[in-house]
Amino acid sequence: MDISRAFYENFFSFAAMLSEAPHGAALRFAPPSLAAASGLPYAGENYAVFAENASIGDAASAISFFKERQADFIAPLLPHAPRSLADFFAEKGILRRESYTSMCLPLEKMRGEYPNRDVVRIVEKDFARWAAAVWRAFGGAEGEEEKNYEPFGSYLAAHASNSAFSLEKNAEFVSTALIHETSGALGLYYFATLPRQRRRGRAAELMDGLLFSLRAKEKPLVLLATPAGLPFYLKYGFAAIEALPIYSAAEDI
């Protein structure tokens with residue numbers, strides 16, 4: 001399987017997995033296109049992803065689907081999707097907010113030469129604690145919203161296709177990661193560090209420990225990088241696959 005195809009297989013699978021969360025839902029079009037609602041209102045937890053056979057009608061249905069759920073969403077415009085979707089989204093106030101980069105770390109660069117005892121695979125007793133760490137690592141504050149996020153985060157950690165990891169320091173999860181496995185690739189998601197723990201090499205520690213744990217899988221590691229994360233991944237040996245414009249009605253994605 002070529003790298004681009006492996007990324008898209010993993011990404012569509014990841015979106016579908018989100019839709020199976022508690023209170024989640026999916027609106028499916030001609031495979032593999034779908035609108036995936038996680039049950040949460042935040043744009044970054046809901047996706048509309050379209051393949052080459054998608055239509056304007058599909059995009060309109062996706063907008064209605066999320067509107068009914070009072071949820072924001074993002075629509076990464078994949079290279080093979082019809083260009084007419086971009087114009088349609090813009091007409092509806094769903095604007096290009098960012099450009100993310102699909103990336104791959106090939107097998108020959110999966111270094112991770114030694115284990116890091118601070119990198120832990122999350123087990124059931126720590127699902128809620130991992131979910132809280134994810135929430136805070138992406139800028140969420142303590143309080144009711146964090147508690148509401150914990151069932152969703154616990155679902156992610158427990159899913160059969162996922163493996164959750166954290167870097168633990170002084171009995172605190174300071175960095176988080178989720179691996180979503182498909183037949184051709186391992187997808188890296190929810191890779192983040194608590195704001196007060198940044199610029200201390202935490203992301204590198206977690207990545208090193210992850211690669212050591214994952215190399216026996218003998219699959220490439222793929223991800224979708226934000227502009228802020230891109231330099232780290234390039235420095236780590238990830239290769240860019242394609243730039244993907246990200247459309248959303250929400251400004252904060």
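What to note about this one:
- Of the solvent-accessible surface of segment 101-160, computed with a 1.4 Å probe and all protein chains present, 50% belongs to carbon and sulfur.
- Separation in nanometres of the label points that stand 7 Å from Cα toward Cβ, at H159 and R121: 1.9 nm
- Alpha carbon convex hull of segment 84-168, volume per residue in cubic angstrom: 186 Å³
- GNM remark for the chain: springs join alpha carbons under 10 Å apart, and the peak mean-square fluctuation among S99, S13, S183 falls on S183.
- Cross-linked pairs K67/K92; K109/K219; K169/K217; K125/K147; K125/K169; K67/K147: Cα-Cα separations exceed 20 Å for K169/K217; K67/K147.
- Its relative contact order, with pairs defined as Cα atoms under 8 Å and 6+ residues apart, puts the chain at 26 percent.
- Relative contact order of segment 45-138, pairs being alpha-carbon contacts under 8 Å that are 6 or more residues apart, as %: 27 percent
- Segment 1-120 shape via C-alpha gyration tensor axes, a/c threshold 1.5: prolate
- Scattering profile of the chain at q = 0.11, 0.15, 0.17 Å⁻¹ [log10 I(q)/I(0), Debye over alpha-carbon scatterers]: -0.57, -1.09, -1.40
- Over the residues of the chain, the helix contribution to mean residue ellipticity at 222 nm works out to -10000 deg cm²/dmol, using -39500 (n - 2.57) for each DSSP H run of at least 4.
- Spacing of the two label points (7 Å from each Cα toward its C-beta) at R83 and E144, in nm: 4.8 nm
- Remark on segment 142-243: Rg and Dmax equal 14.2, 41 Å (Cα only).
- Residues A239 and N170, FRET efficiency given R0 of 35 Å [Cβ-Cβ distance, rounded to 0.05]: 0.50
- When only the Cβ of Lys, Arg, Asp and Glu is charged (+1, +1, -1, -1), the dipole of the chain relative to its Cα centre reaches about 580 debye.
- A Stokes-Einstein calculation at 37 °C with viscosity 0.692 mPa s, built on the Kirkwood radius of segment 1-70 over Cα pairs, returns a diffusion coefficient of 268 µm²/s.
- For L95, distant residues with modelled amide H under 5 Å away: S248, A249
- Protection proxy ranking, peptides 85-93, 213-221, 3-11, average beta carbon neighbours within 10 Å, highest first: 3-11, 213-221, 85-93
- Taking amide H as placed 1.01 Å from N in the peptide plane, G237 has no amide H partner under 5 Å among residues 5 or more places away or on another chain.
- Alpha carbon centroid spacing (whole Å) that separates segment 138-203 from segment 76-95: 30 Å
- Farthest positive-ward along segment 118-217 dipole, Cα basis, beta-carbon charges - from Y189, F138, L214: L214
- Per-residue ³J(HN,Hα) for segment 17-34, Karplus 6.51 cos²θ - 1.76 cosθ + 1.60, θ = phi - 60°, Hz, x for Gly and Pro: 4, 4, 5, 8, 5, x, 6, x, 6, 10, 10, 9, 10, 4, x, x, 4, 6
The values are calculated or read from the model by the stated rules, or taken from the named source; none is laboratory data. Note that the structure is predicted; figures quoted are calculated from it, not measured. Counting neighbours? That spans all protein chains shown, and the Cβs are built from the backbone with ideal geometry, glycine included. Keep in mind that these areas ignore ligands, DNA and RNA; they rest on the heavy atoms of the full protein, side chains included. Shrake-Rupley method; radii C 1.70, N 1.55, O 1.52, S 1.80 Å.
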